[in-house]
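Take a look at the following structure, please.
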Amino acid sequence: MSMNSTTVLCLDLHFTIAYVMSLATHTETGHNNYIDLGDVSEEANGKYTLQIFAEFFHMYELVDQALPGMEGLFGLLRNNLTEKPAFRAIKYLISVLNDKGPNFFPNTLTYTLTGNLTNVRQLIFQKRNGEFYLMIWNEVSSWDVSRKFDLYPLPQQLHLNLQGGYILSDATLYTFNNNADLQTINLPINNNQIIFNAKTDRISIIRLNNGTNSNSGSTTVRTTSTAAAAGIGGIYRITPKYAPIEAVFVHTQCFELLLNGYYHLTPKNALNQWIDIPMCTTIVGVLVQQWSWSNSECQQGKLENIE
């Protein structure tokens with residue numbers, strides 16, 4: 001698909017239909033270690049915690065309270081401040097993915113992942129130096145609730161093949177053992193492909209480097225600027241081109257000014273997709289969707305700063 005050069009502005013946005021749908025906020029989640037009432041061991045919680053951070057990013061709570069029963073066992077740290085596996089898991093995850101600095105516009109990476117992909121989940125990150133970090137895990141049980149013991153699913157071999165002109169120079173595998181300690185393995189590369197064992201219920205992270213030490217993945221051709229650089233911030237209302245209904249944005253998307261004066265929105269994590277209102281409907285409460293570019297009025301709207 002070919003498009004004219006446009007300017008992309010990235011804000012912290014979240015899509016919902018105004019006056020029809022309420023914002024949903026995850027406030028807390030997690031496991032406690034009170035096994036007698038059907039929860040999980042500290043070891044299993046360490047594995048589940050990384051999956052929760054990969055999917056939700058909310059955790060209750062930091063330290064076990066001095067309370068009897070399950071309410072006293074939700075912490076990442078024990079009441080005496082010693083580390084549980086869940087605490088170590090988060091600590092080491094931060095050490096691997098930490099990338100403090102100014103906002104930047106990430107590039108895209110084209111790859112294929114083959115092998116036994118049953119229950120496999122994956123996320124791709126990029127740091128400011130251009131390195132990509134592929135997070136992979138199996139969404140399978142680490143704990144048998146009825147019989148109250150830890151489970152150890154067998155590793156699965158996966159093949160990662162880099163495409164789109166990205167020439168891999170080195171790769172590192174970060175894994176967590178059953179105690180949530182971090183292990184680092186340098187992976188051999190053969191014809192721009194990596195073969196490795198996924199740690200089943202334990203998250204694996206693969207660092208990918210093409211040797212340029214720069215932000216150099218394949219990109220969509222467009223002129224970009226951050227919202228902060230453009231002096232844009234706050235909460236926005238977008239009115240669909242085809243009907244006077246409203247939507248408010250308060251989390252993470254990018255929006256792009258078209259030549260006709262209207263905007264369309266692109267999810268930051270899927271730059272080849274656009275926010276689309278199904279069939280240009282005016283039905284209240286309809287869920288919007290992520291869709292390929294159709295150049296229809298269902299994907300265009302007027303933008304207005306309301307805060």
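Which numbered condition trips up Arg121, out of (1) open to solvent by 60 Å² or more (accessible area, probe 1.4 Å); (2) basic (Lys, Arg); (3) out of contact with any Phe, Trp or Tyr (no Cβ under 6 Å at 6 or more places or on another chain)?
Of the numbered conditions (1) open to solvent by 60 Å² or more (accessible area, probe 1.4 Å); (2) basic (Lys, Arg); (3) out of contact with any Phe, Trp or Tyr (no Cβ under 6 Å at 6 or more places or on another chain), the odd one out for Arg121 is (3).
Then there is this: When the range 162-198 is examined, which residues are found to be over 30 Å from Glu83 (Cβ atoms) and open to solvent by 40 Å² or more (accessible area, probe 1.4 Å)?
Result: Gln163, Gly164, Gly165, Ile167, Ser169, Asp170, Pro188, Ile189, Asn190, Asn191, Gln193, Ile195.
Could you list, in sequence order, the residues of the range 126-161 that are in a strand (DSSP E or B) and surrounded by fewer than 16 Cβ atoms within 10 Å (Cβ to Cβ)?
Asp144, Phe149, Gln157, His159, Asn161
Return the total of residues in the range 62-72 being at pLDDT 85 or above and open to solvent by less than 60 Å² (accessible area, probe 1.4 Å).
Residues flagged as at pLDDT 85 or above and open to solvent by less than 60 Å² (accessible area, probe 1.4 Å) within the range 62-72 amount to 2.
In the range 184-205, which residues are free of Cβ contacts under 8 Å to residues at least 60 places away in the same chain and within 20 Å of Asn98 (Cα to Cα)?
Those that are free of Cβ contacts under 8 Å to residues at least 60 places away in the same chain and within 20 Å of Asn98 (Cα to Cα): Thr184, Ile185, Asn186.
Go through the range 265-280 residue by residue and tally those that are at pLDDT 70 or above and either surrounded by 15 or more Cβ atoms within 10 Å (Cβ to Cβ) or touching an Asp or Glu at 6+ places or on another chain (Cβ under 7 Å) (or both).
Total satisfying the criteria: 8.
Turning to a different aspect of this structure: Out of all the residues in the range 102-110, is one or more buried (at least 18 other Cβ atoms within 10 Å of the Cβ) and touching a helix residue (DSSP H, G or I) at 6+ places or on another chain (Cβ under 7 Å)?
no
Okay, next question. Taking the stated definitions as given, is Met59 surrounded by 14 or more Cβ atoms within 10 Å (Cβ to Cβ), out of contact with any His (no Cβ under 9 Å at 6 or more places or on another chain), modelled with pLDDT under 85 and in a loop (DSSP other than H, G, I, E, B)?
Yes.
If the requirement is being surrounded by 13 or more Cβ atoms within 10 Å (Cβ to Cβ), closer than 26 Å to Ser142 by Cα and either β-branched (Val, Ile, Thr) or modelled with pLDDT under 65 (or both), which of these qualifies: Ile203, Ile232?
Checking each option against the conditions leaves just Ile203.
The values are calculated or read from the model by the stated rules, or taken from the named source; none is laboratory data. The model shown is predicted, which means the values in this text are computed figures rather than measured ones. Using ideal geometry, Cβ is built from the backbone for each residue, glycine included, and neighbour counts are taken over all protein chains shown. Side chains are part of the model used for accessible areas, which takes the heavy atoms of the whole protein and leaves out ligands, DNA and RNA. Shrake-Rupley method; radii C 1.70, N 1.55, O 1.52, S 1.80 Å.
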